[in-house]
Amino acid sequence: MFDELWQLIEGMQSPVGLWEAIIAIVFSLVASIVTYLMYQLFYGSRHIGAGVHRTFIIGGPAITALFLGIQVSIPLSLGLLGALSFVRFRTPVKDPAEIGFLLLLIASSIGAATDNFLVTGILFGLVFIALGIHWLTRNRFNVFGRAHLMISVDQSSYPDMEGKLSAFLKERLGGLRLETMSVLEERVSLHYQYRRRTDYDWATFTKDLNQLAGAAKVDVYIG
């Protein structure tokens, strides 16, 4: 029974060999798990992202399978953009580091689909070393550096609290500077830079900010 099933699988028409596909997808799965663990190790404790890391383990093998399917067909490759256009993040990416990890995931998936295992392994090794050095030296060089703060407010409540919010932030944070402001799905997102302070009491900061907002829903992301 098993032999007949195996012959049926091998007899399926596919330009990609069975073992080639298995090795590529398994390698991509391992790379996705490593990417997920690296994200949790270096950034997971900060809780400032949009949660896109939860797609890593499924996304890596899926992207690899997609490229295995289209690499032998020009018409299919032309439809790649349409195949991916349905993917839309309902929560905007709040931390630039998430973009880097997404690029790492996509690079490893394409590397697995094109049999560039050595290049992918070198990429992961260099990224791990770079992140490790950054993690070990972050407190040494960032004491007087700039840090990031993102605040998301209901669009309907923002006009009434804009002045109070600006005064509150300038009072609590030194060197405050508004970098960007965007509106998405009836939420106003404000991206600030401020002078980094060690051992700052963010619990009290968040509590006072919620009291200032009153009934308005305010989300805070600290980088």
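The values are calculated or read from the model by the stated rules, or taken from the named source; none is laboratory data. Note that the coordinates shown come from a computational prediction; the quantities given were computed from them, not determined experimentally. Positions of Cβ are generated from backbone atoms using ideal geometry, with glycine treated the same way; all protein chains shown enter the neighbour counts.
Listing for the model above:
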| quantity | calculated |
| --- | --- |
| Residue within the range 190-206 that is without any contact (Cβ under 8 Å) to a residue 60 or more places away in the chain, within 30 Å of residue 59 (Cβ to Cβ) and surrounded by 14 or more Cβ atoms within 10 Å (Cβ to Cβ) present | yes |
| Residue within the range 180-194 that is modelled with pLDDT of 85 or more and assigned to a helix (DSSP H, G or I) present | no |
| Top-ranked residue of the range 24-41 - restricted to ones that are within 10 Å of residue 112 (Cβ to Cβ) and touching a residue at least 24 places away in the same chain (Cβ under 8 Å), ranked as surrounded by the fewest Cβ atoms within 10 Å (Cβ to Cβ) | 29 |
| Matching entry among 188, 119 (being β-branched (Val, Ile, Thr) and not assigned by TED's automatic domain parsing to the domain that holds residue 67) | 188 |
| Single residue of 151, 99, 106 found to be within 19 Å of the chain's Cα centre (by Cα), assigned to a helix (DSSP H, G or I), modelled with pLDDT of 85 or more and not aromatic (Phe, Trp, Tyr) | 106 |
